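Since every read-out is calculated from the coordinates, none of them should be taken as a lab result. Here the structure is a predicted model, which means the values were calculated and not measured. Note: ideal-geometry Cβ built from the backbone for every residue, glycine included; neighbour counts use all protein chains shown.
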């Protein structure tokens, strides 16, 4: 039986931040698309995001996750690019209705890596740990209240340079990013069931205009359904908690057959208070994460609940 003819493709423009990791993610997306659609041509269009320009303050103080997406959103809606690639953990929980998450690539390793010591327990007494992530800071201080958090921002190379310069004794990075930068041997991975990852960690999201049916159809060929189910469950949890860039949220999703097991913890920013719970539900069912969010908030003391606003509204 003759094969179906390939549709006629024109060049598509892929927007991305121009950091080394973002470019590696864009190249992975491009390569997967070209493999799925022989004959497709993709031009990578880099942009310097606001979050890359301002690195001397915590993200939450200067506009939150929108600083990673707003330039690409503008280019996308103006037709200057056809689709955009993001680290999903950097994408706001509630997105504009005119933009669709058209594909999630197969998720990478979700673990954090500790650089500067073999484990959290092995950190020296009073160690200074560089991070700008509220989740990492709260988890660290919960496990090791003797440690001090030092604000670290910048790309992987910048943070490693700050560590080498003695600005901190240790730092934490995502294993997925190191893998994508061919630096998998850097640091010591932390067991995900002991040190819960960030929602969406390790996942690459591809967005396009919601009404661009042709591009959505092209992107659908590289959408990984198990990864989509896992990260959308985590985003549903975020929506149910009403968390923001100041809110320490950690979550681990595991699959068992057609079900997902979602284990989540929320903290006070100083790590003194922690609430943890687990639920099981059918993959693709947003009610399970919503129930887990409600349970966490109901059990949370004021020191934790003050940093969450409850269910987000679309």
Starting from the Cα-Cα distance between residue 157 and residue 35, subtract it from 0.36 nm times their residue separation and give me the gain in nm to one decimal. 40.9 nm
Using a ≥ b ≥ c from the Cα gyration tensor of segment 138-193 (square roots of the eigenvalues), is it rounded, prolate or oblate, where a/c under 1.5 gives rounded and otherwise the larger of a/b and b/c decides, a/b for prolate? oblate
Additional length obtainable on full extension of the chain from residue 121 to residue 167, 0.36 nm per residue less Cα span: 14.5 nm
Helix-derived [θ] at 222 nm for the chain: sum -39500 (n - 2.57) over DSSP H runs of at least 4, divide by residue count, nearest 500? -9500 deg cm²/dmol
Per GNM of the chain with C-alpha springs under 10 angstrom, the most fluctuating residue out of 169, 90, 182 is 182
Contact order normalised by residue count of the chain, Cα under 8 Å, 6+ apart, percent: 20
Hey, in the GNM for the chain with a 10 angstrom Cα cutoff, which one of 15, 200, 116 fluctuates hardest? 116
FRET efficiency, residue 11 to residue 191 (Cβ-Cβ, R0 30 Å, nearest 0.05): 0.10
Looking only at the chain, where both bridge partners belong to it, what percent of the DSSP beta bridges are antiparallel (to the nearest 5)? 70
How far, in nm, would the chain grow between residue 280 and residue 94 when pulled straight, counting 0.36 nm per residue and subtracting the alpha carbon separation? 64.6 nm
Sorted by packing (mean other beta-carbon atoms within 10 Å per residue), highest first, where do 224-234, 32-42 land? 224-234, 32-42
